[in-house]
1. Report yes if A:Thr156 is within 16 Å of ligand 1 (Cβ to nearest atom) and under 15 Å from the mean Cα position of the chain (by Cα), otherwise no.
2. Listed residues B:Gly54, B:Gly112, B:Gly38, B:Gly84; which is at pLDDT 80 or above and crowded, with 20+ Cβ neighbours inside 10 Å?
3. Which of the residues belonging to segment A:195-217 are at the interface with chain C (Cβ under 9 Å from one of its Cβ atoms) and more than 19 Å from C:Arg125 (Cα to Cα)?
4. Of the residues that sit in segment A:86-123 and are aliphatic (A, V, I, L, M) and more than 11 Å from A:Thr156 (Cα to Cα), which one is farthest from the other protein chains (Cβ to nearest Cβ)?
5. Only one of B:Arg266, B:Arg250, B:Arg303, B:Arg257 is basic (Lys, Arg), without any contact (Cβ under 8 Å) to a residue 24 or more places away in the chain and within 30 Å of B:Asn58 (Cα to Cα); which?
6. Provide a single number: the residues in segment A:159-212 that are within 13 Å of ligand 1 (Cβ to nearest atom) and over 20 Å from A:Ser43 (Cβ atoms).
7. Among B:Leu360, B:Leu365, B:Leu340, which is the only one that is more than 23 Å from A:Ile85 (Cβ to Cβ) and more than 9 Å from chain A (Cβ to nearest Cβ)?
8. For residues that are more than 14 Å from the chain's Cα centre (by Cα) and of a type in the set (Ser, Thr, Tyr), tally how many sit in segment C:129-160.
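The values are calculated or read from the model by the stated rules, or taken from the named source; none is laboratory data. These numbers come from a predicted model, not from an experiment. Because the Cβ atoms are built from the backbone with ideal geometry, glycine has one as well, and the counts that use them run over all protein chains shown.
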Amino acid sequence: MTLLEARRIEKTFGRTHALRGVSVAIESGEVVAITGPSGSGKSTLLHCLSGIMCPEAGEVHYDGRRIDTLDEAARTRLRRDAFGIVFQFGRLVPELTAVENVALPLLFNGDGREKSATVARDWLERMDALDVADARPGELSGGQLQRVAMARALVTGPKVVFADEPTGALDSLAGEKVLGLLLEAARVNGSTVVLVTHDNQVAAHADREIVVRDGAAAGVVA
Amino acid sequence: MTLLRVAGMLGRGGSRAERARARLVAVGAALATWFLFGAANVLALHGQLDDRLGPIANRGTRPGTAFAFGLMILPIAAFLHQTGRLASADRERRLAALRLTGATPAQVRLLGALETTRSAALGTVCGAIAYVLLEWSIRGLLLHLPTTAAGVPPALGLAAMALVIAVAAVSGLLAGRHVVTSPLGVTRRATRRRPGRRVLLVPVLGCVPMVARFAGLPVPYRPYSLLLGAGLFAVGMMLSTSLLVWASARVAGRRARSAETLLAARALETDARPWGRTMSVLGLAVAIGSGTGWIEAGIMDDRHTLDPFWLTSFTLVDLALLVAMAVTAAALLVHQAEYLMEHGPVLATLRATGVADGELRRVLLRQGIIAAVLPCSVAALIGLLGLTDTGGLHNETWAWWPVTNAVLMAALGVLAATLTTKASQRRLQRAVSPGRLRTE
Amino acid sequence: MSIGHVLLGLLTERPKHGYELKREHDDRFPGVKPIAYGQVYATLQRLERDGKVAVSGTAKEGGPERVVYEITSVGTDEVRRWLAEIEPPAPYVSSALSTRVVLALIVGGTADGYLLRQRAAHLERMRELTARKNTAGISAGELLATDYALHHLDADLRWLETARQRIGELTKEIRP
Ligand SMILES: Nc1ncnc2c1ncn2[C@@H]1O[C@H](COP(=O)(O)OP(=O)(O)OP(=O)(O)O)[C@@H](O)[C@H]1O
Ligand SMILES: [Mg+2]
């Protein structure tokens, strides 16, 4: 079943035509890698698929519902309830400890402080980062930061996990370890994973690759 | 001097934010100059004037009025300092290129200070010219007084201008402290020092003469020892405000049940000093405001009416307090701009993960509330307590006047702090736009 | 590198017979083509002739009687000397991939289709290898060999991408 689909979407920034009619369809439960050279529009595609941005033309559908025409509030709800997002540099809140960072989405959902902390610790353990639970982001290594960021993305049990260069700042072994943890957790959760990367070895972890070139899908390679 | 030439070159190449900051510094310096000129002007008046001019009319109250004008420099200094800090990281990033070309850290810091000083000097000169022109026209056109005698004695005026520029220069040097510039780039100091606890000794020391008097112990050198004690207490309380802010942030962070409170409290806890600085000035305004309530109550109780002299005086005081609060609120606004700039990518990420704009706005709002409530309440209480013994009212109901006044002032202080967050909304919107997800 | 060096290296542990050497070779170097027993036998004969190994006895474990070889001091010196050298960093300029790109341009005028197909094939192979790496109980030796293969395929893929970006220049050169 197709869970997430973009139909001929276009997006421009000033004079830059970042997306020129990309179409992709992502099945439920699948791990898809979006690859392509620098500046080809991978991140922009991810932002459109995840409802962070709206394309100027074309349609984005999630779970049988058109999402690019929803207003900001509705898309925010969708991102909060159904999606989890990981970025290249973790982007944790610097003043909060690792557990508090992971617990943040639950707190925003109105769960109590204790309950969220317990669940957050659980996820840190699954991400092999329980030892840094009480450290602040400034004290963590790149790999630890990403583990915490992934725990934060997964803690709400999202249907789709989006990751933009999640291992971009890590060396190949650390990246592989972190990626393995993410994919394993997503598999257990039954989450679909959309992985933006320009690292072929990362792409090889996916079931399928979508190559983006100059803002268009250059052939979907199964 | 080459450094000056480099500073000039850099000044022309600044970003929009930097030009805005330079303008803010200039405005602050101009305001400071205005108030100092006002003080000098009052001191320079001769003889008895119309009672409707309030405290300016009497020879006896003029030094006090001049002092009050001088006090107005405090909120402006806070404002100037905050503006100096704004975008300091941004500016230093630009200056990091200079480090690559071999400039020493001290030279880079000096350059930063030079930029601030230049803007301040510009504002001071403009402010001085505007003041003198306005004063001349009021004298000549409205009051038909001779315009030859300058209102502000030139020596005092020049001294005031020098003072403003010097304050700006020092603040510029201090602002550079927060940034560590290495040839490869800029990092903000990761762990910010938490406010020291030893400053609490100062207000405690200030209390000693007063407590001794209440306890009936002999207090030597009265009333100077009492005055000194009160002064120490006031200054000490102002110095301790950062600690107060830090403490309430810590407690709020521990007990936070919502994500918004947690985020607000922790941000405040790590960077309590700028809030503390501005809150100390806001607190002073609140304390003075609630203190004047007693004096007002005393006079109303005594005479059942306010003559023009007192009416003008109180109106002037209230006006001054409002201006002080507004300037302080502006300083907070500037600080929040800095917070948003620093946290832009992180907040944009939170928003991307599904945190609503309203929730982010609440984080800002709660920062203001957590920071303001304790210092403003303490200040209002101090304003009430400090003058209890001047009471002895005939009609007890007048006692409600200062109490209401104090509550009002405290509320106004908190309101000023929270209103700034409202004003930060558009900036927040820009700070969390998806484009910020790309920066690092 | 030669089979001789590999066998000498394995013999430094202890004396072994020919079949044992074949089995250990295939176990320890999982990415390499399995060695034929005949080749082991011939190589051992040559090493014995050169004085690098010597017969130390016979062994019989259930099966037929087997000749056990041990390494001599000449052989040990030879292995150490060889280990002190490095592999020549060969420039693999004439690989089949680049030949195909050039031929595709000459014959069909475009290599885009080929490049995408080749990328898909390479990535498919990488996916298989990655999956194998993730199977439980994989040995460290096999992991290392798989990583080696993965990194080489990755290098090919990066070259393919560069080739795609340079194809314009190449086309101009081939069909001016
Ligand atoms: N907010 C923006 N403002 C201006 N231009 C943008 C913006 N976002 C993207 N672009 C432009 O759109 C194009 C595609 O950008 P995008 O970030 O999607 O590429 P990418 O494939 O993710 O690249 P990379 O691998 O370097 O991350 C680029 O040319 C970029 O400059
Ligand atoms: Mg990108």
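1. no
2. The conditions single out B:Gly38.
3. Matches in segment A:195-217: A:Arg213 only.
4. Only one residue fits best here, namely A:Ala98.
5. B:Arg303
6. 0
7. Sole residue among the options that is more than 23 Å from A:Ile85 (Cβ to Cβ) and more than 9 Å from chain A (Cβ to nearest Cβ): B:Leu365.
8. Of the residues in that region, 3 qualify.
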